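Undergrad: Input: one structure, supplied below.
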Amino acid sequence: MTPPSFQYHAPGSVDDAIALLSQFGDEAKLLAGGHSLLPMMKLRFAEPEHLVDINNIESLKGIREENGDIVIGAMTSENALIKSTLLQQKCPILPEAALLIADPQVRNRGTIGGDIAHGDPGNDHPAIMMALDASFTLVGPNGSRQVVATDFYLGTFYTLLEADEILTEIRFGPLASNTGTSYQKLKRKTGDFATAAAAAVIEISGETCQSARISLTNLGPTALRASDAEAVLTGQVITDDLIDQAAQKAMELCDPAADLRGDVEYKTHMGGEMTRRAIRTAVERASGE
Amino acid sequence: MSKTQVSFSLNGQAVEVMVEPRELLIHVMRDQLRQTGSHIGCETSHCGACTVDFNGESVKSCTLLAVQAQGAEVMTVEGLAVNGELHPLQQAFMDEHGLQCGYCTPGMLMRSYRFLLENPDPSEAEIRAGMSGNLCRCTGYQNIVKSIQKAAAAINASGRDEASTA
Amino acid sequence: MAATAESLERKDKLEGIGCARKRKEDPRFIQGQGLYVDDINLPGMVYGALVRSPHAHARIKSINKEKALALPGVLAVLTADDLKPLSLHWMPTLGSDVQAVLADEKVAFQLQEVAMVIAEERYIAADGVDLVEVEYEELPAIVDPHKSMDADAPIIREDLVGKDEVGHGKRLHDNHIFTWEAGDKDSTDAVFDKAEVTIKEEILNPRVHPCPLETCGCVGSFDKVKGQLTVYMTSQNPHLVRTVLAMLSGIPESKIRVVTNDIGGGFGNKVPVYPGYVVAIVASIVLGRPVKWIESRIENISTTGFARDYHGSAELAADNDGRIKALRFNVLADHGAFNSHVSATKWPAGLFSICTGSYDIATAYVKVDAVYTNKAPGGVAYRCSLRVTEAVYLIERMIDILAQKLDIDKAEIRKRNFIQADQFPYNTSLGWTVDSGNYEPALDKVLKAVDYAGLRKEQAEKRAKGELMGIGISTFTEIVGAGPTKACDILGIGLFDSCEIRVNPTGSAIARMGTQTQGQGHETTYAQIIATELGIPSEEIQVEEGDTDKAPYGAGTWGSRSTPVGGAAVAKAARKIRDKARKIAAHLLEVSEDDLEWDIDQFRVKGVPDQAKTMKEIAMAAYSNIPDGMENGLEAVDYYDPPNFTFPFGAYVCVVDIDPKTGEAKIRRFYALDDCGTRINDMIIEGQVHGGLTEALAVAMGQLIDFDEDGNLLGNSLMDYYLPTTVETPHWETDYTVTPSPHHPLGAKGVAESPHVGGIPCFSNAVIDALSHLGVTHVDMPHTAHRIWKKLHELGAN
């Protein structure tokens, strides 16, 4: 119930934060929203010697449009995503997903960057980022680099983010008109992680699916991009039968860990069912229903 | 571990405490500042009994370090009544039997306080979604929902100025 | 005489029995001024934190305190060795067993208490815990109670080897605790052998935990100068705790004070005496400073009194019309590593034999075998009325299963078996005398309210389309109000309860009882009883519980005993005062007592209504103008020994819709009719029903305390342990009938546990009813989406 001792730092700029990470290396952890890290520290499962609190770095917050892209600061809270009229109009899957994360209080502190960078397969934003073909700006002592979401996740709690780097921004291109999106998350109760969840971003032109991006949450060691499922739909008129086939493909990709949310069989089937529902809803929304 | 000074505003009063970085805001408020209205019900940030208003947002004070409160405006249940006059929510919870053992009540009051400021005319479904970060074992929530509905009506009837004590 | 407007006004002013008045205790809670145990701060107070075993079963090879003691701020590290000289390393339980206070040579469940670190500050105590080094030698663990009595099972309780009984009769095996039986085995077997229809089902009441929002804790404070021990504690039964502490510590009971101020929920979790309390108290004596111990949520879920873990093998014998002829229930009870749950001495399986329920069953036999396993101790807890939840679950499930077998409607079969109104008081075949009941009108009222026929029609239509809809019925009778002292005692102390009332000269009153509210509203409801009995407004009656220095002795609040036992003592104490008041009124009015009648708030001369004295006037006279030979003052105490338990009942219906693709069950409607006899405050009763139904929902649909095969706990934090939020909790519809208890001074029965007892089988029956057309007769709780989906998948139904 009480964390072990640590040294606390509250840098006011990204450069200062990186300097601290470079200085302390593995002994340091970033404090973003804190609702993953602090509970772990209270249970003494995590015992960093240094906490680098980046909540005071204003340049890391905010949502803006830039040359048609949407750019989101990593320290933007889930609640800010939900309230953003820009996102509601231009990328509704993000506020939709944010509203399914945790509870109202947690969403005031939890950040999109924390959810993306933590590496917990149960986090929701990684799958959303994959489905949006988003890229992440990682800044370190040697400068900044861009990494696409689909490359970022290497394993459970294991990403391309180095110990002396900070995720500063998330960027993705505009959604074409006639794009419908949906995030379907099955959970045991409000506030729980996903038993299984699927994101679908589907562009329909006339009757035909121009592009489909489908990704899965908590059905493997990382979020998963279901390319084989996408291939079933792309260039086709989407029928119930095709949706089923896509769901089957998604299920083939699933490699969930059995836990108190369900065994492998259940979670895999639920991955399929959430995929079905995400595609169906995305298609309905693309047609303006 | 050496202590550092943290200054913030608690229920409109300036306070200063000496804390280790690891001390949680809930512990500092309860043990050092003797404001024991906010409660602890878990250690995994689920139950919401510790909910306070922090810079205009509902936050679980068990998941904030006291050092993070530097310069902040914090309101707890002890600050809801103004000059002895109960907030409409406090009155409504009594009118509608929205509490039994009282342990979740401060968190419910502080969360619903901010919730109604953000959504002054909520539907029942919105109230339930808005309060989903606060657990109760006694009431089954139904009278808590009624209490919030009653308070919303009272606040709206008397004009918005009454609602915010900030 | 018809009530006049004036007399109605006088009655309303009292806000007595039957008035849905607001609660008197609320003002402090809504202002954050409640006083819970962790709010207490005494000068010089220090903090205790427990070192606990990571293993479910292991020998302790060594405990090294050095590093912990070297940490600045750590004052002491106590282990069993430190408690041995005081003979406090073991303590008696409320179940006639003994329990290790701090593990002595071995641990028998995961997170069992091994040592306590005492430090100046909360955070340092936690640091100290990390520095205590314990070396363990792991032993194989027993997690399945069916294996506890295997020939080669490891012995869990080496301290009991050679003891052929642990308080409740002969033991059959080193891991066996007791066998308890009721009824007539031979007659029952004979009926089964000849029956037209028999059914048998394995039915589990899974292990769950009450999880009140406030965890357990205490502040122990020993005054060396006065030799007085004060313990602030989360206790539902402060007097029993005081007596136990006197027995344990050797300090005279008159020098021990146990204080419960406000409790953040009890639900049976705060009845036992936990090791943490004892060690904190010992530490306060040894160190001469107050010691605070507050457990974490994980400690609470993992180590304090769990509920249920009753593995039932249930059988009914009936005729082809669905009339039950006999009942035979065998239960394997998993008590964990120590038999710690509160048990009246003669009732080690609680009141389980109420399992004949609302039905007229002529012949019955039940047997409960209790065993030890490598799990936390407990069993009776969680709004259960002392194993009544388990009993009612079995009978309400079995009658549904019988209905299914015979293709009789589930409401109809209940009516065919109900104890009829003219059979009360009814002697059950397992020895209870059910005080009153009127079951059929209650069920009919509910069936009409929900349009039961319409629901069954809708269900048939949905089934034709492959949709899953279920209707659950529960017509329960439960037993509360422990209990008559000739039948019940805990550690030899009778289960009476008490009330002391003192009326002061200006006409207000203060009353104290031996019960202990944990949110049930006693400060209001007891005041309402006194208001009606004495004609003093409830607003002017101060009710206090929980300080053993002030309150008369009582067994506390659990098993819904406050209204049936405490409330009776309140009424009787008030009536003693009214008897004296009558004498004073006669003296003041210069008439004989027989010339007076009591009217709402005054005694008046029969036929001369303006010749009257109000209770207020009489109160002043009690101190200033009394008849010769009478003592001054206006007060009384009553110790009430109930002649019987009380038997609240109800009829509940639940409608559920199941999504076959995910297994999720959504509660569409829940209608609950409760009959608790005389109703003191409708608002408070309704709140109790809402709360009990929500806890029932949690148990039926999601809660489980589970272990892997090594005895490691699975899901012991709020990440996994299912507590429904506002979103999962449906809207509750409540209703009532009133069938008073003939033996209770107010006719009141108690209600707070009924919605839990009656609710659980209702939810379960609804879910299983949704699957019954697929041939399903029973599925164990919890009815999670995962489990329902697996069942459907197994049946090829999704």
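The values are calculated or read from the model by the stated rules, or taken from the named source; none is laboratory data. Bear in mind that the values here come from a model prediction, so they are computed numbers and not experimental data. Glycine gets a Cβ as well: all are built from the backbone with ideal geometry, and neighbour counts include every protein chain shown.
Undergrad: Can you spot a residue in region C:61-73 that is more than 14 Å from chain B (Cβ to nearest Cβ), in contact with a His (Cβ under 9 Å, 6 or more places away or on another chain) and buried (at least 20 other Cβ atoms within 10 Å of the Cβ)?
TA: No, that holds for no residue.
Undergrad: Right, something else. Can you find a residue in region A:59-69 that is among the β-branched types (Val, Ile, Thr) and within 14 Å of another protein chain (Cβ to nearest Cβ)?
TA: No, the conditions are met nowhere in region A:59-69.
Undergrad: Okay, next question. Take the residues of region C:253-289 that are surrounded by fewer than 24 Cβ atoms within 10 Å (Cβ to Cβ) and within 14 Å of chain B (Cβ to nearest Cβ): which is farthest from A:MET1 (Cα to Cα)?
TA: The extreme case among them is C:ASN261.
Undergrad: Same structure, new question: Could you figure out which of (1) in a helix (DSSP H, G or I); (2) farther than 29 Å from C:VAL392 by Cβ; (3) in the same structural domain as C:LEU746 (by TED's automatic domain parsing) isn't true of C:GLY466?
TA: (1)
Undergrad: Taking helices (runs of 4 or more DSSP H) that fall entirely within region A:205-289, which contain at least 3 residues that are under 22 Å from A:ASP133 (Cα atoms) and within 14 Å of chain C (Cβ to nearest Cβ)?
TA: Answer list for region A:205-289: A:240-253, A:264-286.
Undergrad: Return the total of residues in region C:758-798 being polar (S, T, N, Q) and under 31 Å from the mean Cα position of the chain (by Cα).
TA: 4
Undergrad: Here is a check on your reading of the model: is C:THR525 in a helix (DSSP H, G or I) and within 20 Å of the chain's Cα centre (by Cα)?
TA: The answer is yes for C:THR525.
Undergrad: Is it fair to say A:MET75 is modelled with pLDDT of 95 or more, in the same structural domain as A:VAL106 (by TED's automatic domain parsing) and of a type outside the set (Ser, Thr, Tyr)?
TA: The answer is yes for A:MET75.
The rows are residues; the columns are (1) outside any loop (DSSP other than H, G, I, E, B); (2) surrounded by fewer than 23 Cβ atoms within 10 Å (Cβ to Cβ); (3) within 14 Å of chain B (Cβ to nearest Cβ).
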| residue | (1), (2), (3) |
| --- | --- |
| C:LEU697 | yes, no, yes |
| C:ASN716 | no, no, yes |
| C:VAL727 | no, yes, yes |
| C:PRO730 | no, yes, yes |
| C:ASP735 | yes, yes, no |
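Undergrad: Could you tell me whether region B:13-21 includes any residue that is without any contact (Cβ under 8 Å) to a residue 60 or more places away in the chain and either crowded, with 22+ Cβ neighbours inside 10 Å or closer than 19 Å to B:GLY102 by Cα (or both)?
TA: Yes, the conditions are met somewhere in region B:13-21.
Undergrad: Being touching a residue at least 24 places away in the same chain (Cβ under 8 Å) and part of a loop (DSSP other than H, G, I, E, B) narrows it down to one residue among C:ALA391, C:ALA411, C:ALA403, C:ALA349; which is it?
TA: C:ALA349
Undergrad: Filter the strands (runs of 3 or more DSSP E) completely within region C:1-97 down to those with at least 2 residues that are more than 30 Å from B:GLY102 (Cα to Cα) and of a type in the set (Gly, Ala, Ser).
TA: C:58-64
Undergrad: While we're here: Of the conditions (1) farther than 24 Å from B:GLY71 by Cα; (2) touching a residue at least 12 places away in the same chain (Cβ under 8 Å); (3) more than 8 Å from chain B (Cβ to nearest Cβ), A:MET1 satisfies every one except a single condition; which number is it?
TA: (3)
Undergrad: I'm checking my understanding of the structure. Among residues of region C:98-124 that are farther than 17 Å from C:ALA280 by Cα and assigned to a loop (DSSP other than H, G, I, E, B), which one is nearest to the other protein chains (Cβ to nearest Cβ)?
TA: Among residues in region C:98-124 that are farther than 17 Å from C:ALA280 by Cα and assigned to a loop (DSSP other than H, G, I, E, B), the one nearest to the other protein chains (Cβ to nearest Cβ) is C:LEU111.
Undergrad: Filter region C:472-487 down to residues that are hydrophobic (A, V, I, L, M, F, W, C) and in contact with a strand residue (DSSP E or B) (Cβ under 7 Å, 6 or more places away or on another chain) and give me whichever is surrounded by the fewest Cβ atoms within 10 Å (Cβ to Cβ).
TA: C:ILE473
Undergrad: Being within 13 Å of chain B (Cβ to nearest Cβ) and either farther than 21 Å from B:VAL28 by Cα or in contact with a His (Cβ under 7 Å, 6 or more places away or on another chain) (or both) is the filter here, so list the residues in region A:4-27 that pass it.
TA: Scanning region A:4-27 gives A:PHE6, A:GLN7, A:HIS9, A:GLY12.
Undergrad: Suppose we filter C:GLN31, C:GLN99 for residues that are polar (S, T, N, Q) and more than 24 Å from the chain's Cα centre (by Cα); which single one remains?
TA: C:GLN31
Undergrad: For region B:101-126: of the residues being loosely packed, with under 14 Cβ neighbours inside 10 Å and away from chain C (no Cβ under 12 Å), which is nearest to B:THR36 (Cα to Cα)?
TA: For region B:101-126, the residue satisfying everything is B:PRO120.
Undergrad: Next question. Among the numbered criteria (1) more than 17 Å from the chain's Cα centre (by Cα); (2) more than 9 Å from chain C (Cβ to nearest Cβ); (3) polar (S, T, N, Q), which single criterion is violated by B:THR44?
TA: Exception for B:THR44: condition (2).
Undergrad: Are there any pairs with C-beta distances below 6 angstrom linking a residue in region C:361-374 that is more than 30 Å from C:LYS415 (Cβ to Cβ) to a residue that is assigned to a loop (DSSP other than H, G, I, E, B) and among the charged types (D, E, K, R), with the two at least 6 apart or on different chains, and if so which?
TA: The qualifying pairs are C:TYR372/C:ARG157.
Undergrad: For C:VAL37, work out the one condition from (1) more than 13 Å from chain B (Cβ to nearest Cβ); (2) touching a Cys at 6+ places or on another chain (Cβ under 7 Å) it doesn't fulfil.
TA: Looking at each condition in turn, C:VAL37 falls short on (1).
Undergrad: Filtering region B:144-160 down to residues that are in contact (Cβ under 8 Å) with a residue 24 or more places away in the chain and under 16 Å from B:GLY107 (Cβ atoms), which residue is nearest to the other protein chains (Cβ to nearest Cβ)?
TA: That would be B:ILE144.
Undergrad: Do you know which of the residues in region A:127-145 that are closer than 27 Å to A:ALA250 by Cβ and touching a Ser or Thr at 6+ places or on another chain (Cβ under 7 Å) is surrounded by the fewest Cβ atoms within 10 Å (Cβ to Cβ)?
TA: In this case the residue turns out to be A:MET130.
Undergrad: Same structure again: Exactly one condition in (1) within 30 Å of C:ARG52 (Cβ to Cβ); (2) surrounded by fewer than 20 Cβ atoms within 10 Å (Cβ to Cβ); (3) within 12 Å of chain B (Cβ to nearest Cβ) is false for A:HIS35; which is it?
TA: Every listed condition holds for A:HIS35 apart from (2).
Undergrad: From C:ILE479, C:ILE490, C:ILE536, C:ILE501, grab the single residue that is within 21 Å of the chain's Cα centre (by Cα), more than 14 Å from chain B (Cβ to nearest Cβ), more than 30 Å from C:ASN417 (Cα to Cα) and in contact (Cβ under 8 Å) with a residue 60 or more places away in the chain.
TA: Unique residue meeting the criteria: C:ILE490.
Undergrad: Here is a further query. Hey, any hits in region A:216-229 for a residue that's touching a residue at least 12 places away in the same chain (Cβ under 8 Å), buried (at least 21 other Cβ atoms within 10 Å of the Cβ), among the polar types (S, T, N, Q) and closer than 22 Å to A:GLY191 by Cβ?
TA: So far as region A:216-229 goes, yes, one or more of its residues are touching a residue at least 12 places away in the same chain (Cβ under 8 Å), buried (at least 21 other Cβ atoms within 10 Å of the Cβ), among the polar types (S, T, N, Q) and closer than 22 Å to A:GLY191 by Cβ.
Undergrad: Pairs under 6 Å by beta carbon, first residue within 25 Å of C:SER296 (Cα to Cα) in region C:217-244, partner assigned to a strand (DSSP E or B) and of a type in the set (Lys, Arg), six or more apart or different chains?
TA: Cβ pairs passing all conditions: C:VAL219/C:LYS292; C:THR230/C:ARG257.
Undergrad: Okay, moving on. What pairs can you find where one residue is in region B:132-143 and within 7 Å of another protein chain (Cβ to nearest Cβ), the other is charged (D, E, K, R), and their Cβ atoms are less than 7 Å apart, with a gap of 6+ or different chains?
TA: Close Cβ pairs satisfying both conditions: B:SER132/A:ASP103; B:GLY133/A:ASP103; B:GLY133/B:ARG111; B:ARG137/C:GLU695; B:ASN143/B:GLU96.
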